[in-house]
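Here's the structure we're looking at; comments come further down.
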Amino acid sequence: MLRCLELARNGQSRVCPNPRVGAVVIGDDGRVLGEGWHARYGEEHAERIALRHAAAKGGYQALQRATLFVNLEPCSHQGKTPPCTQAIIESGVGRVVAGMRDPNPEAAGGAALLRQKGVDVTVGVLEARCRRFNEPFIHSTLSRRPLVTVKIAQTIDGRMAAASGQSQWITGPEARTLVHRWRADADGILVGSGTARVDDPSLTVRHVPGPHPWRFVLDRRGTLPSGLRLFSDGRPTTVVTGQGVQPCYEASLLSAGGSILRVSMQGGHLDLGAALALLPVQSLLVEAGPGLASALMQQGLVDRFFVFLAPKVLGSGPLALDGFACQTLEEAITFEEHRWEQVGRDMLLRGFLRPH
């Protein structure tokens, strides 16, 4: 099952809105007969690829005695490709081991169908790990909005920047490389207008191999400078702005393949819940300034909170969650799961606010 998850990573963000899936066929002698992964949305699924390789290597007789491992219950419906259960039944493979059930009601039921056809099926191997691995797919399927990961970098006294506004670089190069890996794994990346204006980020993947995420920027008044890299580097960006707003950069944005998403306002600010529900991605990495991070946290729209803690003290400057406050310890946000790790000279807290 661990090998299935390793293979599934090859899909990165290219399989959205499908889940990331890897499959391994093991012969009765313990040999690997075939492997596969879902590489891109609309293309062949992992099970079919692994079974085809296994058939070429071991033949039909070997498959009858083999076990197919896959991190997600095989689908039983016709989508962009035929159902994987059909390929499994036709292959003659005798046993299937799945990491977890498919939460999508349209695709679920594969395990029951296979059992009806005489296939020995086990579901729930390394289930917690498989669920966390495909958390964006599960979350977006059940909640109809992306899985939101807020990333911030701060000093040990909670400052995101110096009093002058300088924030590059609070963390070391290892942390920046890891953030680019997160970008490559995410379907989309979001910043607020303050971050876009001050940092002029490109929000691309440069330090690791992988696809660039879909870029989103919040600009409720449409007043960001048209010369920002988000609007002028030739890559598409989607701007989320208020109803009736006509940004000055609209022409250049659209010519680069970008788009404008207009949403309602709430208390003088963009309705973040409505905006998230309209974003066509499963996973969203938010590289937030203090205002956006606080607003998302206050509204319960954060699913994962990743915080880099740099061994520095500034004494003044913007606080990481300026504007978000709990009055009592009982009101404090707590994590369903969390872990600490060292990344170069910095510490990283990975906090998960939703159960897997």
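Here C84 meets the list (1) under 30 Å from R144 (Cβ atoms); (2) among the hydrophobic types (A, V, I, L, M, F, W, C); (3) open to solvent by 60 Å² or more (accessible area, probe 1.4 Å); (4) over 21 Å from the mean Cα position of the chain (by Cα) almost entirely, failing just condition (3). Among the residues examined, S294 qualifies as open to solvent by less than 10 Å² (accessible area, probe 1.4 Å), hydroxyl-bearing (S, T, Y) and not in a strand (DSSP E or B).
Could you count how many residues in the range 91-100 are surrounded by fewer than 18 Cβ atoms within 10 Å (Cβ to Cβ) and assigned to a loop (DSSP other than H, G, I, E, B)? Write out each step before concluding.
Keep residues of the range 91-100 that are surrounded by fewer than 18 Cβ atoms within 10 Å (Cβ to Cβ), which gives 92, 94-95.
Narrowing the set further to residues that are assigned to a loop (DSSP other than H, G, I, E, B) leaves 92, 94.
Counting residues in the range 91-100 that are surrounded by fewer than 18 Cβ atoms within 10 Å (Cβ to Cβ) and assigned to a loop (DSSP other than H, G, I, E, B) gives 2.
Taking the range 35-51 as the range and being more than 20 Å from the chain's Cα centre (by Cα) and buried (at least 24 other Cβ atoms within 10 Å of the Cβ) as the test, the residues that pass are G36, E47, A50, L51. Applying the criterion of being free of Cβ contacts under 8 Å to residues at least 60 places away in the same chain and open to solvent by less than 70 Å² (accessible area, probe 1.4 Å) to the residues of the range 338-351, the residue that is nearest to G172 (Cα to Cα) is M347.
Here S252 passes the criteria (1) under 19 Å from the mean Cα position of the chain (by Cα); (2) at pLDDT below 90 except the one numbered (1). Checked against (1) modelled with pLDDT under 90; (2) part of a loop (DSSP other than H, G, I, E, B); (3) surrounded by fewer than 16 Cβ atoms within 10 Å (Cβ to Cβ), S202 passes all but condition (1). If the condition is being open to solvent by less than 60 Å² (accessible area, probe 1.4 Å) and over 18 Å from L292 (Cα atoms), then the range 234-249 contributes G234, T237, V245, P247, Y249.
Residue count for the range 276-291 satisfying the condition of being at pLDDT below 90, open to solvent by less than 40 Å² (accessible area, probe 1.4 Å) and either assigned to a helix (DSSP H, G or I) or among the aromatic types (F, W, Y) (or both): 1. For the condition β-branched (V, I, T), open to solvent by 20 Å² or more (accessible area, probe 1.4 Å) and at pLDDT 95 or above, V123 qualifies. For the range 212-257, the tally of residues that are part of a loop (DSSP other than H, G, I, E, B), closer than 13 Å to V191 by Cβ and either in contact (Cβ under 8 Å) with a residue 40 or more places away in the chain or β-branched (V, I, T) (or both) stands at 1.
The values are calculated or read from the model by the stated rules, or taken from the named source; none is laboratory data. Quick caveat, the model's predicted, so the values are computed rather than measured. Methodologically, a virtual Cβ is constructed for each residue, glycine included, from the backbone with ideal geometry; neighbour enumeration extends over all protein chains shown. Ligands, DNA and RNA are excluded from the accessible area calculation, which covers all protein heavy atoms including side chains. Shrake-Rupley method; radii C 1.70, N 1.55, O 1.52, S 1.80 Å.
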